[in-house]
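Inspection log for the structure reproduced underneath, given as structure tokens.
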Ligand SMILES: [Zn+2]
């Protein structure tokens, strides 16, 4: 069925203008003034509202066995929470551990998502071990349309790779023309500092940040960038949290390393005092890299506005209160992670655009267009253009509300942003032309989502290869 969105203001990464949008056969077929609806078309009145391209969360965890437990969401709960919050595509980290078979893991993740997601999705394939068998499996996974890797420099002996494995992964990625995302923290330093603190009986969540200080993240960032430079691979730093790591990443960009930078929602809004709260309140805010000293927030916002930080993801990863309490005796056992897939758009709008910290076009760029471009989803996703998928967010800037675990759709019993006011939210959200959300409620088709297959887009020209 056709869909006509009338009277709204289209806002993209580059421009804004009032126009109608006609959707036919799942894609945007016409953009123009005073369009007439075809017979039987559904009509959405967008007067007084903005229309954004569907937002893309480039970094989420849904199925995740980690730290002796599993993250709480299913693809059904996470995809609906995403849509209610204006995110129409997510890229999930497929994370088998070092002891698992990579291809079996990949099939497991795909099977969990298939027919269970209300929005479209793709995967980053984690490389948690590198040997001949894994290499041939990774080639097969890339051929299947999963055109990005993830490596962890942290989480020694579980997800983490050593320097040789990183080198070989990046060499393969460069050959295949795909981008590698990386969690940049020095695993050995984290492990040693954790042992020291625990031996000194410093066991509470407030010791999580001191066990992985800013310098540990900066070191990982420098090392990743150095390896990218030597392998001529394309890279992407995930969840960058602090000024020293930012300086390292920007310095690498400036000298020509093909490096993109992501930061995530919590690091723009929260600081380490949240993790220093007593007991489980602190544990709710344990993630890695950790929440930082407050002075870092302004640096992240200004780098985001300047486009030096390319994208804003969430690292969505819900563990509930009972799971967080696994670490009641030692912060090293607290499952790392905080949800955010539902809150990212509304909070970045309220505290970024409305507070004047970022421009509205940079907001669309960082939360939709640039993730689409970096990860090979454009022009299908991330833009409002004839021929693009009709993933659209009709946004009501007049809405006022407060974030609370009582009203969230993520499957968790706390919200890391409890009590934060929001000034605006999606009024209508479509996935390929089908209305999936109206005013905070899921009203659509539970299995609407498809896996998005992506082509390698970082192939070097032959001259560079022959060097
Ligand atoms: Zn993550």
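The values are calculated or read from the model by the stated rules, or taken from the named source; none is laboratory data. Small disclaimer: the values here were computed from a predicted structure and weren't measured. Glycine gets a Cβ as well: all are built from the backbone with ideal geometry, and neighbour counts include every protein chain shown.
All but one of (1) within 16 Å of the ligand (Cβ to nearest atom); (2) crowded, with 24+ Cβ neighbours inside 10 Å hold for residue 288; which doesn't? Answer for residue 288: the failing condition is (2). Looking only at residues in the range 305-316 that are surrounded by 24 or more Cβ atoms within 10 Å (Cβ to Cβ) and more than 15 Å from residue 55 (Cβ to Cβ), which one is nearest to the ligand (Cβ to nearest atom)? Across the range 305-316, the extreme among qualifying residues is 315. Give the residue that is farthest from the ligand (Cβ to nearest atom), with candidates limited to residues of the range 175-190 that are within 22 Å of residue 146 (Cα to Cα) and surrounded by 22 or more Cβ atoms within 10 Å (Cβ to Cβ). Going through the qualifying residues, I end up with 178. What single numbered condition from (1) outside any helix (DSSP H, G or I); (2) more than 16 Å from the ligand (Cβ to nearest atom); (3) within 24 Å of residue 412 (Cβ to Cβ) fails to hold for residue 281? Going through the list (1) outside any helix (DSSP H, G or I); (2) more than 16 Å from the ligand (Cβ to nearest atom); (3) within 24 Å of residue 412 (Cβ to Cβ), residue 281 breaks only (1).
Residues in the range 237-268 that are part of a helix (DSSP H, G or I), away from the ligand (no atom under 15 Å from the Cβ) and under 17 Å from the mean Cα position of the chain (by Cα): 268 only. Looking only at residues in the range 37-68 that are within 16 Å of the ligand (Cβ to nearest atom) and assigned to a strand (DSSP E or B), the one that is surrounded by the most Cβ atoms within 10 Å (Cβ to Cβ) is 57. When residues in the range 78-96 are screened for being at negative phi and in a loop (DSSP other than H, G, I, E, B), 3 of them pass. For the structure I just gave you, tell me whether residue 89 is under 15 Å from residue 342 (Cβ atoms), away from the ligand (no atom under 16 Å from the Cβ) and surrounded by fewer than 19 Cβ atoms within 10 Å (Cβ to Cβ). Against the criterion (under 15 Å from residue 342 (Cβ atoms), away from the ligand (no atom under 16 Å from the Cβ) and surrounded by fewer than 19 Cβ atoms within 10 Å (Cβ to Cβ)), residue 89 does not qualify. Residues in the range 385-406 that are under 21 Å from residue 354 (Cβ atoms) and assigned to a loop (DSSP other than H, G, I, E, B): 2 in all.
Might you let me know whether the range 384-398 holds any residue that is over 30 Å from residue 200 (Cβ atoms), within 16 Å of the ligand (Cβ to nearest atom) and modelled with pLDDT of 95 or more? Among the residues of the range 384-398, not one is over 30 Å from residue 200 (Cβ atoms), within 16 Å of the ligand (Cβ to nearest atom) and modelled with pLDDT of 95 or more, which makes the answer no. Cβ-Cβ distance below 7 Å, separation of 6 or more or different chains: which pairs start in the range 48-67 with a residue that is closer than 16 Å to residue 347 by Cα and end on one that is assigned to a loop (DSSP other than H, G, I, E, B) and within 13 Å of the ligand (Cβ to nearest atom)? If the second residue must be assigned to a loop (DSSP other than H, G, I, E, B) and within 13 Å of the ligand (Cβ to nearest atom), the pairs left are 57/314; 57/341. Taking the range 142-159 as the range and being surrounded by 23 or more Cβ atoms within 10 Å (Cβ to Cβ) and at pLDDT 95 or above as the test, the residues that pass are 146, 147, 148, 149, 150, 151, 152, 153. Counting the residues of the range 407-455 that are free of Cβ contacts under 8 Å to residues at least 60 places away in the same chain and in a loop (DSSP other than H, G, I, E, B) gives 5. Here is a check on your reading of the model: is residue 273 away from the ligand (no atom under 16 Å from the Cβ), part of a helix (DSSP H, G or I), closer than 30 Å to residue 70 by Cα and without any contact (Cβ under 8 Å) to a residue 60 or more places away in the chain? Yes, satisfied.
Of all residues in the range 328-342, exactly one satisfies the criterion of being assigned to a helix (DSSP H, G or I) and crowded, with 24+ Cβ neighbours inside 10 Å, namely 331. All conditions but one from (1) modelled with pLDDT under 95; (2) over 22 Å from the mean Cα position of the chain (by Cα); (3) more than 30 Å from residue 257 (Cα to Cα) apply to residue 467; the one that does not is (3).
Determine, yes or no, whether residue 228 is surrounded by fewer than 18 Cβ atoms within 10 Å (Cβ to Cβ) and over 25 Å from residue 305 (Cα atoms). Judged against the criteria, residue 228 is not a match. Note on the range 409-419: residues that are buried (at least 16 other Cβ atoms within 10 Å of the Cβ) and out of contact with any helix residue (DSSP H, G or I) (no Cβ under 7 Å at 6 or more places or on another chain) amount to 2. Selection of the range 218-236 for residues being within 16 Å of the ligand (Cβ to nearest atom) and within 19 Å of residue 375 (Cβ to Cβ) yields 224, 235, 236. Number of residues in the range 115-157 that are more than 16 Å from the ligand (Cβ to nearest atom) and either part of a helix (DSSP H, G or I) or at positive phi (or both) equals 15.
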